[in-house]
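Participant: One structure is given below, represented as structure tokens, and several questions about it will come after.
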Amino acid sequence: MTRVLVVEDDEDVALALRVLLTRAGYEVVRAADGRDALRRLFADEPDLMILDIGLPVLDGWQVLERTRDMTDLPVLLLTARGAESDRVRGLRAGADDYLPKPFGTEELLARVEALLRRAAPARWTGTALDESLRLVPERRSAVWRGEEVRLSDIEYRLLQTLVRNRGRVVSTGQLLDQVWDDPQGIGPDRVKFAVLRVRRKLQQSAPATAPDPIEAVRGLGYRYRGDQEE
Ligand code: CA
């Protein structure tokens, strides 16, 4: 089933789009703000995104820019009526089409169909591991809560090892063996500092109140618990 991500903060418009698209046979996923949009995008890998420009938290421009770092899925932009500059800017920023609000339902459906017909299946960078994290091996980076975080080789392998064992404690010794090419002479402090660097990088792109995705278990090691509160 073709999946459409609707990014719209206005409840009435979002509901109208959901009803319209569902009736037309699409599966609809909805996000109400920019950050939620990036999370849904990377977790659900939709076939097309309908993106409103005026959004809370991150606006449509920011969402579009970050989306284009990660995927070439077709994007239909919803712009304000008469905002010619928005259309030009949108197409330059990588939107595939735009529609001024308020729009006619038939026209919206026709444009969605046309975009899907034209587009090859979307390509995605990296692999989704849970709702909040993607790992992008070719760039040695992680996409955490929709934002790309650059990691060193060691940091990347450390995070990958913890994620592969998600929910379980990985001991410092196991991390040394699996992450460092030559663990001879490397002490547990090196592991500790590498974990701290990864945590700090992930947390820079998260709200201050967000739970720490990597938990230190005293005397045992470290555990990836993702975006979940314990
Ligand atoms: Ca809006």
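Participant: For ARG197, what accessible surface area do you get with a 1.4 Å probe? Give it in Å², rounded to 10.
Facilitator: Accessible area, nearest 10 Å²: 90 Å².
Participant: Under the rule of at least 5 residues apart or a separate chain, name every residue whose amide H is placed under 5 Å from the amide H of VAL29.
Facilitator: VAL4, LEU5, VAL6
Participant: Would you mind computing, in nm to one decimal, how far apart the modelled labels at ARG166 and ALA110 are, each placed 7 Å from Cα along Cα→Cβ?
Facilitator: 4.3
Participant: Below 14 angstrom from the Cβ of GLN184, what's the summed charge of the other residues (Lys, Arg +1; Asp, Glu -1)? Working shown, then result.
Facilitator: Numbers: positive: ARG190; negative: ASP177, ASP181, ASP182.
With Lys, Arg at +1 and Asp, Glu at -1, the net is -2.
Participant: What dipole magnitude, in Debye to the nearest 20, does segment 163-223 give about its Cα centre under +1 on Lys/Arg Cβ and -1 on Asp/Glu Cβ? Display every interim value, and only then the final one.
Facilitator: Values: 11 positive and 6 negative charges, 54 e Å.
The calculated dipole for segment 163-223 is roughly 260 debye.
Participant: Rounded to the nearest 5, what % of the DSSP beta bridges within the chain are antiparallel ones?
Facilitator: Working: 18 of 36 bridges.
Looking only at bridges with both residues in the chain, the antiparallel portion is about 50 percent.
Participant: Oh, and also: If one computes the Cα centroid of segment 92-156 and of segment 165-190, what distance in Å separates the two points?
Facilitator: Each part reduced to its Cα centre gives a spacing of 34 Å.
Participant: Keeping every protein chain present and rolling a 1.4 Å probe, give me the accessible area per residue for the chain in Å².
Facilitator: 50
Participant: Sequence gap at least 6, Cα distance under 8 Å: using those rules, report the relative contact order of the chain to the nearest whole percent. Before the final figure, lay out the partial values.
Facilitator: Values: 377 pairs, mean separation 31.7, N = 230.
About 14 percent, as a whole number.
Participant: Amide H of LEU133: which non-local residues (sequence gap of 5 or more, or other chain) have their own amide H closer than 5 Å, using H built in the peptide plane?
Facilitator: Result for LEU133 returns ARG145.
Participant: Moving to a separate point now. If you plug each phi of segment 186-195 into the Karplus form 6.51 cos²θ - 1.76 cosθ + 1.60 with θ = phi - 60°, what whole-Hz ³J(HN,Hα) values come out, in order, with x for Gly and Pro?
Facilitator: Karplus-based 3J(HN,Hα) across segment 186-195 equals 8, x, x, 5, 4, 5, 4, 5, 5, 4 Hz.
Participant: Right, next: Calculate how steeply helix 153-164 sits against the longest principal axis of the alpha-carbon atoms of the chain, using the helix alpha-carbon long axis, and give the answer as 0 to 90 degrees to the nearest 10.
Facilitator: Once rounded, the angle reads 80 degrees.
Participant: Also, quick follow-up: Could you work out how much longer the chain between VAL88 and ALA210 gets when fully extended? Use 0.36 nm per residue separation minus the Cα distance between them, nm to one decimal. Before the final figure, lay out the partial values.
Facilitator: Numbers: separation 122, 0.36 × 122 = 43.92 nm, distance 3.68 nm.
This chain segment gains 40.2 nm when fully extended.
Participant: Compare the Cα positions of ALA142, THR67, ILE50 along the charge dipole of the chain (+1 at Cβ of Lys, Arg; -1 at Cβ of Asp, Glu; about the Cα centre) and return the one farthest towards the positive end.
Facilitator: Selected residue: ALA142.
Participant: About its Cα centre, how strong a charge dipole does the chain have in debye, to the nearest 20, once Lys and Arg get +1 and Asp and Glu get -1 at the Cβ?
Facilitator: Working: 36 positive and 39 negative charges, 145 e Å.
That gives a dipole near 700 debye.
Participant: Hey, can you grab everything whose amide H is under 5 Å from the amide H of ASP97? Only 5+ residues off in sequence or another chain; H modelled, so Pro and N-termini drop out.
Facilitator: Placed amide hydrogens put VAL75, LEU77 under 5 Å from ASP97.
Participant: What is the percent carbon and sulfur in the accessible area of the chain, measuring with a 1.4 Å probe over the protein chains and ignoring ligands? Mind showing how you got there, number by number?
Facilitator: Details: 5290 of 11480 Å².
Result for the chain: 46 percent of the exposed heavy-atom area is carbon or sulfur.
Participant: What net charge do the residues around ALA110 carry, taking every other residue with its C-beta under 12 Å from that of ALA110, with Lys and Arg at +1 and Asp and Glu at -1?
Facilitator: Numbers: positive: ARG111, ARG117; negative: ASP97, GLU106, GLU107, GLU113.
Net charge in that neighbourhood comes out at -2.
Participant: State whether the chain is rounded, prolate or oblate according to the following rule on the C-alpha gyration tensor (a ≥ b ≥ c being the square roots of its eigenvalues): a/c under 1.5 gives rounded; otherwise a/b larger than b/c gives prolate, and the remaining case gives oblate. Walk me through the numbers on the way to the answer.
Facilitator: Numbers: a/c = 2.64, a/b = 2.54, b/c = 1.04.
Note, shape of the chain comes out prolate.
The values are calculated or read from the model by the stated rules, or taken from the named source; none is laboratory data. Every value quoted in this text rests on a predicted model; they were computed, and no experiment measured them. For neighbour counting, all protein chains shown are included, and Cβ atoms are generated from backbone atoms with ideal geometry for every residue, glycine included. With ligands, DNA and RNA removed, areas are computed over all heavy atoms of the protein, side chains included. Shrake-Rupley method; radii C 1.70, N 1.55, O 1.52, S 1.80 Å.
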